[in-house]
Structures are given as structure tokens and as C-alpha cells.
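Take a look at the structure set out below.
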Amino acid sequence: MKKKVLIISGGISKERLISLDTGLQVSKELKKNGYEVKISEPNSELEKKIKQFKPKVIFNALHGQFGEDGYIQTILERFKIPYTHSGVISSSIAMDKEVSKNIFIKSKINTPKFFTYSYDLKDAALIKKIDRKLKFPVVVKPLNEGSSVNVFICTKKNIIRILNSIKNYKKVMVEEFIGGREIQVAIMGTKKLGAIELKPKRKFYDYKAKYNINAKTEHLIPVDLTKKELNHLLNIAMKAHKIIGCRGVTRSDFKFHNKKFYLLEINTQPGMTKLSLVPEIAAYRGMSFLKLIEWILKDASKKK
Ligand SMILES: Nc1ncnc2c1ncn2[C@@H]1O[C@H](COP(=O)(O)OP(=O)(O)O)[C@@H](O)[C@H]1O
Ligand SMILES: [Mg+2]
């Protein structure tokens, strides 16, 4: 009899649908290979399901708020059952772009310049600050979302309107816009799994470019970099994974411009949908979807 695996997916974040898809893909693959699988939402049914089903491992397929930011991890610690991906502290650090970017800067990892904005400046003062510190265009983004939800490239003309449209976040990031190429790196424990380049047809790698096949984002693998550049890139991703204290698989998002890599963020719960990048990088390295999932499950069980 193969292992019992409980998958947690769905949730209430803006990435709910992606999480349901991740959960479904993982569940299908495991069931096909003889695992006993149950899926649960991270709600009041979760505790009951864990107690009745008694899984050997819990696969956390959640993305975004409450699933990727240390909340569900805190709850899971209580059950003393291994769960996949990063733990409480590293998840919450990685999910907060302000905190994680400050750690990158302290660790000499290049990341776009930024400041946070709490709607506490007059419009003209804000524009002046951007002109002085970052220059237009800039990228405005929430501190703790994913999937490019509410990420905007802003000009002097539209920034005030855009900031007002996402005022409910109360605090957002205003970041230097970096042109050039978009490259992401998968790390698997101590292994630098590899990189993939994304060429969106849209203005940037937004939600549609990520998840809608019709948006026709090109996925390029292997990435056209020199051996030295690629090594450097993989080393930065590994360094970020380590300093944040991540576990299991992570995916780091970079821009590559004027021969410089800029780390945008590190994701502790990378997607596992059909269009997802970590499974694609793994496949390129000769690792099947099943082997990748099994590695993640095994890695969870190794946790002290
Ligand atoms: N500073 C930036 N310069 C250029 N493009 C950016 C910048 N920040 C974000 N983007 C674009 O927005 C996408 C999503 O941003 P990211 O910081 O990775 O947030 P998310 O957590 O939503 O994925 C990136 O993949 C990139 O295409
Ligand atoms: Mg990203």
C-alpha cells in the first residue's frame, strides 16, 4: 500500500483558482501512481480530515495569503505531520516583498530599488519622490500577493489613479522598473534545478500571460546565457533560498538587464499547474512530474 497524502488547496487568496489547479494536478498524478489521496480546503473541515484520514504527508498546494505566508504552516505544525515546502518563518519572510528585499539588499543580492508607500504623501510630493529616487516608469505592487495580482507598470500620468484603485492594501511597493529579459530559477533543496526564460506577448508577465494559454507566452529552455552567467544566476537563487531559510522547492523571479540580474522575489509555494515553470524545468532536467512530487513529499518527511 502506497502512502496516504492529504492535499490542501483552494483557500481564500486571490490565487485560489491556481491553487485548486495545482492541487488537482498533484492529486491526479499521485492517484494514477497508487497513492491514497484526499483534498481539503484550509477551513474547518481540515482538522477533521487530518484526524480521520491520518495522512503520512500533507502536500500544501496553497498559494498566496494564508497559504504561502506562514499562517497555514503555523496551523500544520500542531498536527506533527510532515508538510511540504517552507516552514512558518521562511514562508512569512518570503511572502513579504519588503522584508525579503531588505534581506536581499543586506546579503548583497541585487534587487530593484524601491520604497513602500502608505498613502501618506500628497500626490505632487509622491511624484517628486519617484522622480528623485526611482524615475518613471515604476512598478507598483502589493507587498504580499502573487501571480502578478495588482502589479502595475505606472507612468507619471496614470500612477495616482492606479494607486487609488488599490488603496485597500494600505501599504504598497513602488519599485524601479527594470527592462530586459524575464528569467526564473527553480531550486530543489541543495540542488540548483535550472532556469527558464519567459517571453510574454503582453506588456509584462501579468496574470493572463502566466495562466492563459491564449496569451501565448513563450517559454524558453535552455535559457540563452553564457555558462558563467547561468552559474551566477543559479548561485544567486540558491543564496536567496538559503538566507531566507527555505525548504523543499522554491522559484526565484529575476529580470536580466544590461548584463545584470535583479531578483524580484522568491516564491516558497511555486505553482504545479500544466503551465507551471518548476515542473517544466524539472522535465527539462529529465525529472518527471511524479518524481518531482515524490521528491517534495520525501523532503517534507525529512524535516526535523
Ligand atoms: N521592477 C520590475 N521591473 C520590471 N518588471 C517587473 C518588476 N516587478 C515586477 N515586474 C513584472 O511583474 C511580474 C510580477 O512581479 P513579481 O514581483 O514577481 O510579483 P508576483 O508575486 O505577483 O509574481 C514579474 O514577473 C515581471 O514581469
Ligand atoms: Mg513573481
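The values are calculated or read from the model by the stated rules, or taken from the named source; none is laboratory data. As the structure is a prediction and not an experimental result, all values here were calculated from the model. All Cβ positions, glycine included, derive from the backbone under ideal geometry; neighbour counts span all protein chains shown. Please note that ligands, DNA and RNA were not included when accessible areas were found on the heavy atoms of the full protein model with its side chains. Shrake-Rupley method; radii C 1.70, N 1.55, O 1.52, S 1.80 Å.
Assorted remarks:
- Number of the condition not met by Lys135 [criteria: (1) touching a Lys or Arg at 6+ places or on another chain (Cβ under 8 Å); (2) on the phi > 0 side of the Ramachandran plot; (3) more than 10 Å from ligand 1 (Cβ to nearest atom)]: (1)
- Selection of segment 165-181 for residues being part of a strand (DSSP E or B) and in contact with a Pro (Cβ under 7 Å, 6 or more places away or on another chain) yields Val172, Glu175, Glu176.
- Qualifying residue in segment 15-22 (condition: open to solvent by less than 60 Å² (accessible area, probe 1.4 Å) and among the hydroxyl-bearing types (Ser, Thr, Tyr)): yes
- Matching residues in segment 212-245 - criterion: being more than 15 Å from ligand 1 (Cβ to nearest atom), touching a residue at least 60 places away in the same chain (Cβ under 8 Å) and not in a helix (DSSP H, G or I): Ile221, Pro222, Gly245
- Residues satisfying the stated conditions in segment 152-175, i.e. within 16 Å of ligand 2 (Cβ to nearest atom) and over 21 Å from Arg251 (Cα atoms): Phe152, Ile153, Val172
- One residue stands out among those in segment 264-304 that are open to solvent by less than 30 Å² (accessible area, probe 1.4 Å) and among the hydroxyl-bearing types (Ser, Thr, Tyr): the one that is nearest to the chain's Cα centre (by Cα), which is Thr268.
- Qualifying residue in segment 143-151 (condition: within 13 Å of ligand 2 (Cβ to nearest atom), in a strand (DSSP E or B) and either of a type outside the set (Val, Ile, Thr) or surrounded by 17 or more Cβ atoms within 10 Å (Cβ to Cβ) (or both)): no
- Segment 101-119 - residue that is open to solvent by 10 Å² or more (accessible area, probe 1.4 Å) and basic (Lys, Arg) and, of those, farthest from Ile244 (Cα to Cα): Lys113
- Restricting Glu197, Glu265 to those that are in contact with a Leu (Cβ under 6 Å, 6 or more places away or on another chain) and within 16 Å of ligand 2 (Cβ to nearest atom) reduces the list to Glu197.
- Taken over segment 172-207, the criterion of being under 16 Å from the mean Cα position of the chain (by Cα) and open to solvent by 40 Å² or more (accessible area, probe 1.4 Å) is satisfied by Tyr207 alone.
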